[in-house]
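The values are calculated or read from the model by the stated rules, or taken from the named source; none is laboratory data. Here the structure is a predicted model, which means the values were calculated and not measured. Cβ placement follows ideal geometry from the backbone for every residue including glycine, while neighbour counts extend to all protein chains displayed.
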Amino acid sequence: MPNIKIFSGSSHQDLSQKIADRLGLELGKVVTKKFSNQETCVEIGESVRGEDVYIVQSGCGEINDNLMELLIMINACKIASASRVTAVIPCFPYARQDKKDKGFFDIPVDNLYAEPAVLKWIRENISEWRNCTIVSPDAGGAKRLLSAGATRVYAILTHGIFSGPAISRINNACFEAVVVTNTIPQEDKMKHCSKIQVIDISMILAEAIRRTHNGESVSYLFSHVPL
């Protein structure tokens, strides 16, 4: 695709690389470092003049540092005369907090959904998926389901944050598997918990980028998983 650049922030370079590979593009060159006073410095290592730029940065890990890094990268690309800059944020930070007054801005936002990818995983990995029942995530629900005659219980999440003692609790829980998307890196967590399985959503993000770049609608992705 002409006139397009994809850059990766520090939060999830593996996902950024998968997105670039699916689009047949190389990740743009960017150098991120810290000054002695811990301020973030970002250097865009190639020309973005007139380019349609996409920056992939997920809200995980050192969230505040990663968010600031994203803002600095956006500013650097704008100063360098990029024609358009789009932030691709697989896990949106601070979205879980309740606000007294809802904020507003005039920047267009496309909210993507993992539901099609989750349904595809269920059909491909659960042999008796036609006999599945999807229930709300109430506390203690897994034990009650097994007591009521369920043969297996799966937990399916979009963003596997797994903070605090989550991993030890999952290891001791009666779930057959805990399935998450790769909006957040899970490699370290998977080393300590064999129940975690990951759904790759790079194809959804890559197709969203392609459609946005070409001026096409992204609503197709609300119900389909691209190949």
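Of everything in segment 175-200 that is in a helix (DSSP H, G or I) and among the charged types (D, E, K, R), the residue that is surrounded by the most Cβ atoms within 10 Å (Cβ to Cβ) is 189.
Scanning segment 132-172 for residues being at pLDDT 90 or above and outside any loop (DSSP other than H, G, I, E, B) gives a total of 10.
Test residue 48 against the stated conditions and say whether it is in a strand (DSSP E or B) and modelled with pLDDT of 95 or more. So residue 48 fails the test. The residues in segment 56-80 that are in contact with a Gly (Cβ under 7 Å, 6 or more places away or on another chain) and in a loop (DSSP other than H, G, I, E, B) can be counted, and the count is 1. Residues 227, 221: which one is outside any helix (DSSP H, G or I), within 30 Å of residue 3 (Cβ to Cβ), outside the structural domain of residue 10 (by the TED database) and modelled with pLDDT under 95? Only one candidate qualifies: 227. Residues that are more than 30 Å from residue 212 (Cα to Cα), in a helix (DSSP H, G or I) and not aromatic (Phe, Trp, Tyr) do not occur anywhere in segment 94-103.
Every test in (1) at pLDDT below 95; (2) on the phi < 0 side of the Ramachandran plot is passed by residue 94 save one, and that test is (2).
If the condition is being within 19 Å of residue 61 (Cα to Cα) and within 23 Å of the chain's Cα centre (by Cα), then segment 19-48 contributes 31, 32, 40, 42. Going through (1) part of a loop (DSSP other than H, G, I, E, B); (2) closer than 21 Å to residue 60 by Cβ; (3) touching a residue at least 24 places away in the same chain (Cβ under 8 Å) one by one, residue 109 falls short only on (3).
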